[in-house]
1. Can you classify region A:1-53 as rounded, prolate or oblate using the Cα gyration tensor, where a ≥ b ≥ c are the square roots of its eigenvalues, rounded means a/c under 1.5, and otherwise it's prolate if a/b beats b/c and oblate if not?
2. Can you tell me the relative contact order of chain A? Whole percent, Cα pairs under 8 Å, sequence separation 6 or more.
3. Can you order the peptides B:275-281, B:232-238, B:188-194 by their average number of other Cβ atoms within 10 Å per residue, highest first?
4. If eta is 1.567 mPa s and T is 4 °C, what Stokes-Einstein diffusion coefficient results for the protein assembly as shown, Kirkwood Rh from Cα pairs, in µm²/s?
5. Could you give the nm distance between label points at B:Ser6 and A:Tyr90, where each point is 7 Å from its Cα heading toward the beta carbon?
6. Would you mind counting up the charge near B:Glu98? Only other residues with Cβ under 10 Å from its Cβ, with Lys and Arg at +1 and Asp and Glu at -1.
7. Under 20 °C and 1.002 mPa s, how fast does region B:48-173 diffuse according to Stokes-Einstein, given a Kirkwood radius computed over C-alpha pairs? Answer in µm²/s, whole number.
8. Compute the whole-percent fraction of alpha carbon pairs in region A:48-180 spaced more than 20 Å apart.
Amino acid sequence: MMTEMSFTSDEMMTIAASRALTNDDVCFVGIGAPSAACNVARLTHAPDITLIYESGTIGTAPDVLPLSIGDGELCDTAVTTVSVPEMFRYWLQGGRISIGFLGAAQLDRFGNINTTVIGDYDKPKTRLPGGGGAPEIATSSGEIYITMKQSLRGMVEKIDFYTSFGHGDGGDHRQRLGITTKGPTLLITDLAVWRPDPVTKEFTVVSLHPGVKKEDVQKTCGWTVTFCDTLEETPAPTELELTTLRDLKARTKAAHEGAGSGNRKGKQTDG
Amino acid sequence: MAKFLSLSEAVAENLKDGDTVAFEGFTHLIPHAAAHEAIRQGRKDLTLIRMTPDIVYDQMIGRGMAKKVIFSYAGNPGVGLLRRLRDAVENGFPQRIEIEEHSHAAMANAYEAGAAGLPCAVFCGYRGAGLKTVNPNIRSITCPFTGEELAAVPSIRPDVTFIHAQKANKRGDVLVEGIIGIQKEAVLAAKRAVVTVEEVVEDFADVHPNACILPSWTVTAISVVPGGAHPSYAHGYYARDNASYLEWDDISADRDRFHAWMEENVMKSSPDDFTGRVAGLRNE
């Protein structure tokens, strides 16, 4: 067997997520892990993918990962930048997004996402930032990919708040609410690739990342995990994928942490 | 017609205790200098509206100026949570605040409805979303033509909106470039609008005909504050000071450290200090 480069579970997660994206996709990108995966896809096998961030930047190709959804880098490299109402009305609500790529603070087995509060809404234990664009991304995008690290705190039997609707209680719950899009069709964690059961819509493990055992997945998941009968092993990252991701992260780190060096250039002399 | 005023005059004339106010900016062009002036003037009982309340609303909430916040994403972008806002929501410190929470789509539509003179915004949203159950201002309406159920929220009509923009011309027209966010709608939806700008130029003769321009008669007051968006950025002028956003997480984590920082960097400071803050971030 050939020697493989060693990699972390985080890297495997980002790379597995990037592989799910294709050249033809129009992807509404959530910040954080989704952003890294989308840009690795663009820099490897999907150079023509259209990446859209909710700040209005359409067809963006950032050299470093943005710290926020509205970094100047996104606008500089975009095909066009539209206003926020136009973004949500014409592009998202108008049905022009094929994939919404979201992260989650809390997730349940049916792909419902909580990024609003931990605990009671009116007396929260932890007040999280809230939904932002996600509630409508979740219902207006053609389908939803989710990526997050597994933990008992994050993957729970019951989420504290339905920020973004996935498959609700499962089955045909989306259709019953008049939602015509597919909803969550893919979950990529640091340990596995999951897809919803065609009937129940419960996320089911279809592929384990290299070296991961079934019990590792169960130990870090708050619901009883169902594994697919034809469980596969996720192909390890290729050298190109790993190098692309690591270079992207290194450029990003230099740009964000070294605001004194990376961002601060010479003084402007005019206008 | 827009009046050119110092920032302290513009804020004093246009922002009163009890006002409903939007300091808008979608990551880009956030009117930090105007917000700091409002903090120095000690305005209180404000209803703060913003899609993405970040550091400036964290600062105002921490200073006890807000009675209510209307928002759709209350985080430090790319960094984490807003710690002063959390302290207010979770512990009632320094005072309890009321929150009215929406999604981005709802707020974007609500600003647009405000600018369009409509009482409410109608859109396809909030399907299956929990916010419907905790925010009584999220309701539904039936399409009279198709019978489809749609979401409805009240339009946003602030007493006053503050934005930062790249430039004004001598007549007082304002040009916004780059990520234009919700700035135009927020200005047109408000009774009064105050704009801080990087600079004033003779005219906009060289500007693209489809550029985002707010004519002078849609703006109440303009103040020239170079660097006035810092640590946010002004496209074409200076970069986002990401390090400051990261630092805010530490500063805001502790009540005493927060107050010391505010005394030093806001209360004892002036709009002129923003020029120096962006000196190292200027585009070449």
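No lab work stands behind these numbers, since they all come straight from the coordinates. All of these numbers come straight from a predicted model, not from anything done at the bench. Reconstructed Cβ throughout: ideal geometry from the backbone, glycine too, with neighbour counts over all protein chains shown.
1. Here region A:1-53 falls in the oblate category.
2. With pairs under 8 Å counted, the relative contact order is 18 percent.
3. B:232-238, B:188-194, B:275-281
4. Approximately 54 µm²/s, per Stokes-Einstein.
5. A separation of 4.3 nm, rounded to one decimal place.
6. +2
7. 132
8. 51
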